[in-house]
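The values are calculated or read from the model by the stated rules, or taken from the named source; none is laboratory data. Note that this is a predicted model, so its numbers are computed, not measured. Here the Cβ positions follow ideal geometry from the backbone for every residue, glycine too, while neighbour counts run over all protein chains shown. Protein only, heavy atoms only, side chains kept; ligands, DNA and RNA dropped before computing areas. Shrake-Rupley method; radii C 1.70, N 1.55, O 1.52, S 1.80 Å.
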Amino acid sequence: MIIELLTREHRNIERLLAVLEHELDIFDRADRPDYEVIRAIIAYFEVYTEMYHHHQEDRVFAKLKIRDPVAAAKVGDLAREHQKGAERLRRVAKTVDGVLADREFLRHDVDTIVRDFLEHERRHIAMEDRDFFPAALKALRPPDWAEIASALSSHKDPLFSDATETRFEALRAHILQLEQEAEAERR
């Protein structure tokens, strides 16, 4: 159940990365992206991903290190990866804030910073899906899962749950609109 939850969250994060990339493409064409949506994506990563999602993964990883140190070593330093992702996110946030404050930025530099974040997040998710989650499913035992589950936060996803927070409503509507447009283009 926990791995299913984390996997579902990964799919949701991928949706946000696609929206951020869409907005970056608009920026790259010298058009004005929806900065409210971009700020909401950054806030989502700052709030939910950093405070809840990664902590849940860290709990699973701690158990994996005990049950299968070789598999854990193959995954690498998960906490460090999460920290580096948070640093990239702060860099994106600072850059977006600078653009909104009319500071001088080369479009190429903004593109590079945001694409670096996108690329690393996608690679990180792929590694977890490919290496970490299967290793945890194989190595952890029912008491491990029960202990991890007992420590899980009851905090609901502020964007992808029925209890969507007000600050994320515009982002949710934007995601649904982009997904509908993409579906219409495929037909």
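Quick notes on this one:
- Yes/no for A71 being surrounded by fewer than 18 Cβ atoms within 10 Å (Cβ to Cβ), without any contact (Cβ under 8 Å) to a residue 60 or more places away in the chain and either among the aromatic types (F, W, Y) or assigned to a helix (DSSP H, G or I) (or both): no
- Pairing residues of region 125-153 that are touching a residue at least 12 places away in the same chain (Cβ under 8 Å) and under 28 Å from L16 (Cα atoms) with residues that are assigned to a helix (DSSP H, G or I) and of a type in the set (S, T, N, Q), at Cβ distances under 8 Å and at least 6 apart in sequence or on separate chains, gives D129/T7; F133/T7; I148/Q56; L152/Q56; S153/Q56.
- Extreme residue, most open to solvent (accessible area, probe 1.4 Å), among residues of region 167-186 that are modelled with pLDDT of 70 or more and more than 18 Å from L17 (Cα to Cα): E185
- For region 120-142, filtering for residues that are exposed (fewer than 13 other Cβ atoms within 10 Å of the Cβ) and over 18 Å from I2 (Cβ atoms) leaves 2.
Matching residues to (1) outside any helix (DSSP H, G or I); (2) under 27 Å from D109 (Cα atoms); (3) open to solvent by 50 Å² or more (accessible area, probe 1.4 Å):
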{"residue": "L6", "(1), (2), (3)": "no, no, no"}
{"residue": "H22", "(1), (2), (3)": "no, yes, yes"}
{"residue": "F27", "(1), (2), (3)": "no, yes, no"}
{"residue": "A30", "(1), (2), (3)": "yes, yes, yes"}
{"residue": "E46", "(1), (2), (3)": "no, yes, yes"}
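- Residue list for region 85-130, filter: over 17 Å from the mean Cα position of the chain (by Cα) and of a type in the set (A, V, I, L, M, F, W, C): V96, V99, L100, A101, F105, L106, V110
- Check on R88, modelled with pLDDT of 95 or more and either among the aromatic types (F, W, Y) or in a helix (DSSP H, G or I) (or both): yes
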